[in-house]
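Where a number appears in this text, it was derived from the coordinates with a stated rule and is not lab data. Every value quoted in this text rests on a predicted model; they were computed, and no experiment measured them. Don't worry about glycine lacking a Cβ; one is built from the backbone with ideal geometry, like all the others, and counts go over all protein chains shown.
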Amino acid sequence: MEVEANYFNVVVLPLVINIVFTPNFDVALVEELKVKFDKVLDVYEKQLATNRYLAGAKFTLADLTHMPGMRYIMNEAGLGGMVTSRENVNRWWNEISARSAWKKLMEMAAY
């Protein structure tokens, strides 16, 4: 969760805010953030090459805390290709986002 707070969220949150919620966003900033996000995803790809989930063999809070940001990246921000181009990150996202509780939450939130 420390990685999520200090590396993932510090990139994903401004990406999502700029792309999704700011009509005239700073293109240069978004490009800089995409480069940083690319590096974070490379680290995740390596971690997930030897682990089913971020913290090991079981779904944990570490995976759960990534789900809201990842949903925005995959859907509204239009950056899903950054995830789908990485075999292990894509597998992980597909698996965790297919969980029945997540599907129910998305249904309740009308996503």
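Can you tell me how many residues in the stretch 1-56 are buried (at least 17 other Cβ atoms within 10 Å of the Cβ), closer than 17 Å to Asn75 by Cβ and in contact with an Asp or Glu (Cβ under 8 Å, 6 or more places away or on another chain)?
3
Could you grab me the full set of residues in the stretch 13-70 that are among the aliphatic types (A, V, I, L, M) and over 27 Å from Arg99 (Cβ atoms)?
Step one: filter the stretch 13-70 for residues among the aliphatic types (A, V, I, L, M), giving 13, 15-17, 19-20, 27-30, 33, 35, 40-41, 43, 48-49, 54-55, 57, 61-62, 64, 67, 70.
Selection gives Val27, Ala28, Leu29, Val30, Leu33, Val35.
Need at least 3 residues that are out of contact with any strand residue (DSSP E or B) (no Cβ under 9 Å at 6 or more places or on another chain) and not acidic (Asp, Glu) per element, so show me which helices (runs of 4 or more DSSP H) inside the stretch 1-79 make the cut, counting only ones lying wholly within it. Walk me through it before giving the result.
Values: elements: 9-16, 27-50, 61-64, 67-74.
Answer list for the stretch 1-79: 9-16, 27-50, 67-74.
Got a number for residues in the stretch 64-84 being over 10 Å from the mean Cα position of the chain (by Cα) and surrounded by 15 or more Cβ atoms within 10 Å (Cβ to Cβ)? Lay out the reasoning, then the answer.
Residues of the stretch 64-84 over 10 Å from the mean Cα position of the chain (by Cα): 64, 75-78, 81, 84.
Narrowing further to those that are surrounded by 15 or more Cβ atoms within 10 Å (Cβ to Cβ): 64, 77.
Adding up the residues that qualify gives 2.
Here is a list: Met108, Met74. Which entry is aliphatic (A, V, I, L, M) and free of Cβ contacts under 8 Å to residues at least 12 places away in the same chain?
Met108
What pairs can you find where one residue is in the stretch 4-29 and over 19 Å from Val40 (Cβ atoms), the other is surrounded by 13 or more Cβ atoms within 10 Å (Cβ to Cβ), and their Cβ atoms are less than 8 Å apart, with a gap of 6+ or different chains?
So the pair list comes out as Phe25/Asn18; Phe25/Ile19; Asp26/Asn18.
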